[in-house]
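First up is the structure itself, then whatever we jot down about it.
What follows draws every value from the coordinates through simple rules; no lab data is involved. Because the structure is predicted, anything quoted here is derived from the model rather than measured. Neighbour counts run over all protein chains shown; Cβ positions are idealised from the backbone, glycine included.
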Amino acid sequence: MKTITFTREELYDLVWKKTMEQITRLYGISSYNLRNACEEIQVPLPYASYWVQVRYGREWKTKLPQNYTGSQTVKILKKKFETEKHIPVPPPILLLTREIEKDPKAPLEVLEKLNKPHRLIQITKDNWEKRDKSKSYWEPNKEGLFLHVADSLMPRAFRFMDALIKLLEYRGHELRKNQYGYTVVVVDGIEIEVHLREANKRVPSKQGFSATELIPTGVFVFQVGKYSDQKEWRDGTTPLEGILARIVAKLEIMADKEKKWQEESRLRQIEREKQEAIERNKAEIKQKEVQDFKALLEEAHRFDEVTKLRNYVKAVQKQTDPLDEQTQQWIIWAEKKINWMDPLICAPDDIFTEYDLKQYKK
């Protein structure tokens, strides 16, 4: 048998019960083909921290997409039947870059001279031209963009950023400054920080104040994202102006990844809240059961006390024969109090209250 067939539900149950390594050993298939099969029939795979959570008794599964209309089964080729040569699948960024480059209307060209610059570029340019030229450092105003390049390279920076902004807006996105003053690209509501700077090189210092110093190289570096998702490009065989489509494609892929992560987080939060609600409901039920059981014990204890009292009254009645007037009145009084105390009767009393009933031992 060259292939093994799974239904969509079977594959979903399998990847959430066993690790990728366990599945590949058990069925003799590669993790590459397993992942492709899951992607083909839209079976979500466990997130990175899932198996750690399982060890601690906490697990929130991503549910199967309900709007899926494709095939309900998938065939996976076993390892021993795989050929050594695989048809390479282009990475998503390459496919998206090609899609942007093939669009005849996409503004991909960086002009040699600014022509009808974008509002942000015009603001930044005006701010730069009015700067105090006696200072080696300039800070843009609230609306202007911060471009960390030498003055001699600023015209090129304006042209590059102008072309990038126009391509982003053509693709339905926006480049702006956020509330914290950082330059961000907004793709489908997701903010991604971007920054254009000039690369520096460390060389031996000529001033004598320190062993080395940084000098500008004239090489542009464009950075997107931060922390583990950070990506940057620099001038090389192809300058930054020649990879506008690739930069925009990367931004769109990063935003799509973040969007999916946020949706998965939202679904996990819903599952957590459901689980917490279930646990709270269990705790409330248990608390009520404990209270009810305590009440049962108290009533049983009262009933034992009442039984003792009734037996005592009967013994007094039997001992005193014939009954005199005083004893008869005492028996009537005692029976009323016993009926008031009896949890099966709960007769009202003219003097004692419900509070007295709870405190009768005291």
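For every other residue with a beta carbon closer than 14 angstrom to the beta carbon of Q179, add +1 if it is Lys or Arg and -1 if Asp or Glu, then tell me the sum. Mind showing how you got there, number by number?
Details: positive: K142, R176, K177; negative: E143, E191, E193.
Here the charged neighbours net out to 0.
What does the C-alpha gyration tensor say about the overall shape of the range 8-51? Classify as rounded when a/c is under 1.5, otherwise prolate if a/b is larger than b/c, or oblate. Mind dumping the intermediate values first?
Numbers: a/c = 1.39, a/b = 1.02, b/c = 1.36.
Cα axes put the range 8-51 in the rounded bin.
Where the centroid of each part is defined by its Cα atoms, how far is the range 271-303 from the range 183-241 in Å?
Cα centres, the range 271-303 to the range 183-241: 62 Å.
Need one word for the range 77-171: rounded, prolate or oblate. Basis is the Cα gyration tensor (sqrt eigenvalues a ≥ b ≥ c); a/c below 1.5 gives rounded, then a/b vs b/c decides. The partial results should precede the final answer.
Values: a/c = 3.98, a/b = 2.56, b/c = 1.55.
The shape class here is prolate.
Taking the chain on its own, what percent of its Cα-Cα pair distances exceed 30 Å?
On the way: 43087 of 65341 pairs.
Percentage above 30 Å: 66.
At q = 0.31 Å⁻¹, what is the base-10 log of I(q)/I(0) for the range 169-213 according to the Debye formula with one equal point scatterer per Cα and no solvent? Please give it to two decimals.
Here the Debye-derived log intensity ratios amount to -1.07.
I need the semi-axes of the equivalent ellipsoid of the range 164-274: take the C-alpha gyration tensor, multiply each eigenvalue by 5, square-root it, list largest first in whole angstrom.
Working: eigenvalues 242, 75, 30 Å².
Gyration-tensor ellipsoid for the range 164-274: 35, 19, 12 Å.
With a ≥ b ≥ c the root eigenvalues of the C-alpha gyration tensor of the range 290-357, is it rounded (a/c under 1.5), prolate (a/b larger than b/c) or oblate? Display every interim value, and only then the final one.
Values: a/c = 4.35, a/b = 1.93, b/c = 2.25.
Because a/c hits 1.5 or more and a/b fails to exceed b/c, the range 290-357 counts as oblate.
Arranged from highest to lowest average of other beta-carbon atoms within 10 Å per residue, in what order do the peptides 48-56, 139-147, 336-344 appear? Working shown, then result.
Details: 48-56: 10.7, 139-147: 15.2, 336-344: 16.9.
Averaged packing, sorted descending, gives the order 336-344, 139-147, 48-56.
Please report, in whole Å³, the volume per residue of the convex hull around the C-alpha atoms of the range 1-87.
Working: hull volume 9.4 nm³, N = 87.
Per-residue hull volume (Cα only) is 108 Å³.
What lysines sit close enough to K257 to cross-link, taking a C-alpha to C-alpha distance under 16 Å and skipping anything fewer than 8 places away on the same chain?
Straight-distance partners of K257: K226, K231.
With no solvent and one equal point scatterer placed on each C-alpha of the range 225-283, evaluate the Debye formula and give log10 I(q)/I(0) for q = 0.12, 0.17, 0.27 Å⁻¹, two decimals.
Values returned for q = 0.12, 0.17, 0.27 Å⁻¹ are -0.51, -0.71, -1.06.
May I ask for the net charge around L267, where only other residues with Cβ less than 14 Å from the Cβ of L267 are counted and Lys, Arg are +1 while Asp, Glu are -1? List each step's numbers first, then the result.
On the way: positive: K61, K63, K259, K260, R266, R268, R272, K274; negative: E59, E263, E264, E271, E273.
Summing Lys and Arg as +1 and Asp and Glu as -1 gives +3.
If one puts a single equal scatterer on every Cα of the range 191-333 and applies the Debye formula without solvent, what log₁₀ I(q)/I(0) results at q = 0.16 Å⁻¹?
-1.01
C346: net charge of surrounding residues, Cβ under 11 Å, Lys/Arg +1, Asp/Glu -1, itself excluded? Walk me through the intermediate numbers first.
Numbers: positive: R302; negative: E299, D342, D349, E354.
Here the count lands on -3.
As I understand it, the value is the acute angle between the Cα axis of helix 8-17 and the longest principal axis of the Cα atoms of the chain; what does it come to in degrees, rounded to 10?
Here the helix axis deviates by roughly 80 degrees.
Counting each DSSP H run of 4 or more residues in the chain as -39500 (n - 2.57), what helix-only mean residue ellipticity at 222 nm follows after dividing by all residues, to the nearest 500 deg cm²/dmol? Write out the running numbers ahead of the final one.
Values: 10 runs with 170 residues, N = 362.
Mean residue ellipticity at 222 nm (helix-derived): -15500 deg cm²/dmol.
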